[in-house]
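Everything below concerns the one structure shown next.
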Amino acid sequence: MKTIVLSKSPFSKLMGRSGFTLIEMAVVMVIVGIIISIMATVLPSLIHSGKIKKAQADLERADLALQGYISATGRCPCPDTNADGEENRNDGGTQGNPADDTCAAYVGDLPYLTLGLSSPNDVWGNPIKYAVYSDLVTFTTPTGTNSFCSGLDSIIRYYDSQADNNPPDTSKLYTTNQSGGDPKNKAYILVSGGNKDLDGDGSDGVFDGNNEGRDLKFDLPDRSAFFGDPSSKRYDDLVRAASFSYIKGLVGCSTGGNGGSGGTTAGENTFPNGCANGTDDDGDGYTDCDDQDCYGVGACGTGGEDVTITTSSIPAGSINSSYSAAFQATGGITPYEWTLTNNGGFSGLFLHTYTGQLSGTLDQCEGTYTIEVQVEDSTLPSDGGPKTDTKQFSLQVNTNLNVSRTSGSGTSITWNDPSQSESFQANGDHLGNISWSLNTGGATGFSVFSTGMDTCDIRKDGATTAGLYTFVLTATDALCPGNTADITLSVDVTSAGAVAPYTV
């Protein structure tokens, strides 16, 4: 008779193995739950903060394009009212002369094609709203008779001077507080409607509050976002409003005074002997014949048969910050047209076609980049034109990151409570979120915890030997490893603060 030997079943082997206890499993589940809770709370906030910053940059880029348009044409464009990207201007009867023109409406979409921009939308894919003070669309030149600058002077005197001091005109573009008080007329206004129609009234797409509709009343730029109740008061719009004085100081108008630091002038050629006195009269960095304003004036002549870029260098900037630089040329036949033929890898730079003004955001890490611009003159093809000149420039992107303590002053900390927490913030420009690392100088039981896009806490997570330690907290741009900064801390851990924090 055969003897049958029964082997152990797989189930009996499994029962013989050691595994997690219920307590260990419970601890793991609690930790996982905490991590998920933190991610669910912090991550949407980080994403939203990043989009707000991008939307603000979109409005700034549109503002710079408007300034360039004003400098080139001497007037503001009309809004786009039929979604074709061009301004909708009604000719008043004198063809080619905007003095008697009107706009189809003074509130509409941003006329991005008229301004030379690539898109009319904000970061959420919604059209940017644009509104303009009606008087500013009819001027014919930047300076001189019926000029934009003289018109601004008249408007500013009308509203602001002690002699006139007239009340705001609510039949023209203005801002007001949430309750409708304190109206102030504005040159133009740009609005991003935010992520959604927060007040939920279904009126005018995603715009909230006084920014809804096609009337000329808008909210103040500093109105705070509100997500609570009542829902009719909810608000997440971003507003950029240009005052008359703000525009006057940016588009080459004289701001008065005796030629001091009050502002810029209309041009080098407007000063007595301004193109031959050896002085940079208009403060733009170019002297006499090197200034484009002196084209065709006196001994400067036309600068030669061929057009030549005279700008020798451009200023440096900081990571993810706003940037502006001006290019100039002489020779050939004006007007000139400018093209950014190599953007150096920057996606946020814009070169205005008619003014040669480069503006935008430096959206690359620290380093030196090469950009290339081309100028084209108006020489007729029959005369061998147009003539062009191309030139490369080095654009230096620098870092300006620093770390500050926000839970107290100074860098000396006494740690006398295991539940104590110290907060820090990274200040300056960065492309990505900030990652943190902590060198405790040999102290155990301390860790750093990220609390936002650019903030963190140092907290205890274990026991420490009492004593004086040197901590070094380092902030690093997650997208630019070379964009880093640190803060050195002197931390005195007392016996009371040396114990591990209590945990459940």
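The values are calculated or read from the model by the stated rules, or taken from the named source; none is laboratory data. A quick note: this is a predicted structure, and the numbers were derived from the prediction, not measured. We place every Cβ from the backbone using ideal geometry, glycine too, and count neighbours over all the protein chains shown.
Details
- Scanning the range 329-362 for residues that are within 16 Å of LEU59 (Cα to Cα), hydroxyl-bearing (Ser, Thr, Tyr) and touching a residue at least 60 places away in the same chain (Cβ under 8 Å) turns up SER359, THR361.
- Looking across the range 151-208, the residues that are at pLDDT 90 or above and not in a loop (DSSP other than H, G, I, E, B) come down to TYR174, THR175, THR176, LYS184, ASN185, TYR188, ILE189, LEU190, VAL191, SER192.
- Looking across the range 52-95 at every residue that is of a type in the set (A, V, I, L, M, F, W, C) and over 23 Å from ALA326 (Cα atoms), the one that is modelled with the highest pLDDT is identified as CYS78.
- Positions within the range 403-424 being farther than 15 Å from TRP436 by Cα and among the β-branched types (Val, Ile, Thr), in sequence order: THR406, THR411, ILE413, THR414
- Residue match in the range 101-114 (condition: β-branched (Val, Ile, Thr) and assigned to a loop (DSSP other than H, G, I, E, B)): no
- Under the condition of being of a type outside the set (Gly, Ala, Ser) and part of a strand (DSSP E or B), the residues counted in the range 343-400 number 25.
- A count restricted to the range 116-139 and to residues that are in a helix (DSSP H, G or I) and under 22 Å from GLY194 (Cβ atoms) stands at 0.
- Leading residue by the ranking (farthest from ASN320 (Cα to Cα)) among those in the range 358-398 that are modelled with pLDDT of 95 or more and of a type in the set (Ser, Thr, Tyr): THR390
- From TYR106, TYR112, TYR133, residue being assigned by TED's automatic domain parsing to the domain that holds ARG214, modelled with pLDDT of 85 or more, over 19 Å from LYS172 (Cα atoms) and hydroxyl-bearing (Ser, Thr, Tyr): TYR112
- When ILE309, ILE247 are checked against the criterion of being surrounded by 15 or more Cβ atoms within 10 Å (Cβ to Cβ), in contact with a Lys or Arg (Cβ under 7 Å, 6 or more places away or on another chain) and at pLDDT 75 or above, a single residue qualifies: ILE309.
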